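Here the structure is laid out as structure tokens; the discussion comes afterwards.
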Amino acid sequence: SGAKVVQAFSYRKKINIESFSRINRENLEINVQATKVVSSIGPTMSVIRALGIALILWYGGMLVSQGKLTIGTLVAFYGYVDMFFRPILMITMFYNTLQSTLAAAERVVDFLRWEKEEDYGSIDKMPEKGEIEYKNVVFGYDERIPVIKGVSFRVRPGERVAIVGPTGSGKTTLVNLLLRFYDPWEGQILIDGMDVREYKLDALRKSIAFVSQEPILFDGTVYENMTLANSSISKEEVIRMLEYLGLKEIIDKLPEGLDTKILEGGKNISMGQRQVISYIRALIVNPKILVLDEATSSLDLYTEEKLQKALEKISKGKTMIIIAHRLQTIINSDRIIVIHNGRIVEEGTHDELLEMKGLYARLYESQFAKITT
Ligand SMILES: Nc1ncnc2c1ncn2[C@@H]1O[C@H](COP(=O)(O)OP(=O)(O)OP(=O)(O)O)[C@@H](O)[C@H]1O
Ligand SMILES: [Mg+2]
């Protein structure tokens, strides 16, 4: 599975490079077009001006020679026409700059507004119980296309709920809303009875350990990446945590252990090691709520089992939402919520849901059963 990870990464990199050069090309073409238009405005205006002056001199000269116009009036008229054209020329020259400045200004305003709207809550402390409630939540990424179509459920403090459903059914989206990466169109999400929007963003995100299968890694050592949230945690403490979770040997496989430098995007860090990094991150903050978005790709059974055991230790006494793909994590949950097309369609324990012979039973037969064999 190591090779798979490498493949997945170089593939993604290729996609990135491809889309980057595509966007670059498009940008170039649009810029060339814009420059063509802008640079044609200046000369056109100059030609019109020159023609105007020629016309005045020709027609005015005729009138002067016929004695119908004095030289003084002609000169004055010429002066006025010139005074009229000069500012117009200036405007066309500045028009380009003005346009790009306005576009930039728009972005600045957008950014300022976004920053302000995002964080208006006032509750600064972490929730004590860790109770979660979704109330008629409706949300979509694109206007008028809802992805979550009225979802309500409650997770009691300390309960472990698994969310399952076909791909694209809205599971990750549900979690994104809890962490306020987006806000719902309608309905509410409550933590300990308070709307998530009432928490300060910083306090909210600190109160939820979000373990994604592919944690974001930053430049620096493995140790630094583990202790982002609290750099006062010593290396000895991290080692103790690793031993407690039974994960030390996974990190020991790295050439310099905790001091290993993470290369760009973490290409020298295995999937299992990434997982260890996010587990330690979660343990360091030690919040009441743990959210886990399991990736579909599986690790080798040995590592899988170690991580599973570590997770049991980390999740002790925590409210837990797992977007689950593995049968083991699903069966170990107190309750399973089945999502389909942005709605909850079934809810219950593994046995109850199998009994229903509905979507869960079908998913179980086609997916989960296969993954564990
Ligand atoms: N950032 C986004 N912008 C626009 N649409 C999105 C975005 N993220 C997800 N979607 C769309 O929302 C729908 C739900 O996606 P979501 O990621 O929540 O599914 P999921 O249940 O987590 O699927 P999977 O099991 O594959 O992870 C999909 O149709 C997806 O295309
Ligand atoms: Mg998902």
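Less than 17 Å from a label point 7 Å out along the Cα-to-Cβ axis of Ser122: which backbone N atoms in segment 192-209 qualify, by residue?
Hits in segment 192-209 for Ser122 at 17 Å: 194-204.
Nothing charged except the Cβ atoms of Lys and Arg (+1) and of Asp and Glu (-1): what's the magnitude of the dipole of segment 109-226 about its Cα centre? Round to the nearest 20 debye. Working shown, then result.
Numbers: 16 positive and 21 negative charges, 103 e Å.
With Lys and Arg at +1 and Asp and Glu at -1, about 500 debye.
Rounded to the nearest 0.05, what FRET efficiency is calculated for Ser40 and Asp183 with R0 set to 56 Å and r the Cβ-Cβ distance? Write down the numbers at each step before the final one.
Details: r = 46 Å, r/R0 = 0.82.
Taking R0 as 56 Å, the efficiency between Ser40 and Asp183 is 0.75.
Run the reach check for Lys313 against aspartates and glutamates, Cα to Cα strictly under 18 Å, same-chain hits fewer than 8 apart removed. What comes back?
Hits, sequence-local ones excluded: Glu159, Glu237, Glu243, Glu249, Asp293, Glu294, Glu304, Glu305, Asp334.
Distance between Cα centroids, segment 202-228 to segment 58-127: provide it in whole Å.
Between the Cα centres of segment 202-228 and segment 58-127 lies a distance of 49 Å.
Can you tell me the length gained on complete extension of the stretch Leu55 to Asn96, counting 0.36 nm per residue apart and subtracting the Cα distance?
Details: separation 41, 0.36 × 41 = 14.76 nm, distance 2.98 nm.
Value of the extension gain: 11.8 nm.
Once you sort the root eigenvalues of the Cα gyration tensor of segment 66-165 as a ≥ b ≥ c, which label holds: rounded (a/c under 1.5), prolate (a/b larger than b/c) or oblate (the other case)?
Because a/c hits 1.5 or more and a/b exceeds b/c, segment 66-165 counts as prolate.
Can you give me the Cα centroid spacing of segment 282-349 and segment 13-57 in angstrom?
55
Name the longest site-free stretch of the chain, where the excluded sites are trypsin sites (Lys or Arg not before Pro) in a DSSP loop with no more than 14 other beta-carbon atoms within 10 Å.
Values: sites that count: Lys68, Lys125, Lys129, Arg144, Lys253, Lys267, Lys316, Lys357.
Within the chain, the longest run free of exposed trypsin sites (Lys or Arg not before Pro) spans 145-252.
Within 10 Å of each residue's Cβ, count the other Cβ atoms and sort Val64, Val276, Val147 from fewest upward.
Numbers: Val64 16, Val276 25, Val147 19.
So the ranking, lowest neighbour count to highest, is Val64, Val147, Val276.
Once the piece of chain linking Met356 and Phe111 is laid out straight, how much longer is it, given 0.36 nm per residue of separation minus the C-alpha distance between them? Present the calculation step by step, with values, prior to reporting the outcome.
On the way: separation 245, 0.36 × 245 = 88.20 nm, distance 4.89 nm.
Length gained between Met356 and Phe111: 83.3 nm.
Step through the table entries Lys200/Lys306; Lys200/Lys248; Lys206/Lys318; Lys248/Lys316; Lys253/Lys306, compare each Cα-Cα distance with 25 Å, and write down the pairs that go over it.
Numbers: Lys200/Lys306 35 Å; Lys200/Lys248 35 Å; Lys206/Lys318 14 Å; Lys248/Lys316 20 Å; Lys253/Lys306 15 Å.
Lys200/Lys306; Lys200/Lys248, as the Cα separations exceed 25 Å there.
Choose one answer from Glu29, Glu243, Glu131: the residue with the largest mean-square fluctuation in a GNM of the chain with alpha-carbon springs under 10 Å.
Maximum among the listed residues: Glu29.
Bear in mind that the values in this text are calculations on the coordinates, not laboratory data. Remember, it's a predicted structure, so these values are computed and weren't measured experimentally. For neighbour counting, all protein chains shown are included, and Cβ atoms are generated from backbone atoms with ideal geometry for every residue, glycine included.
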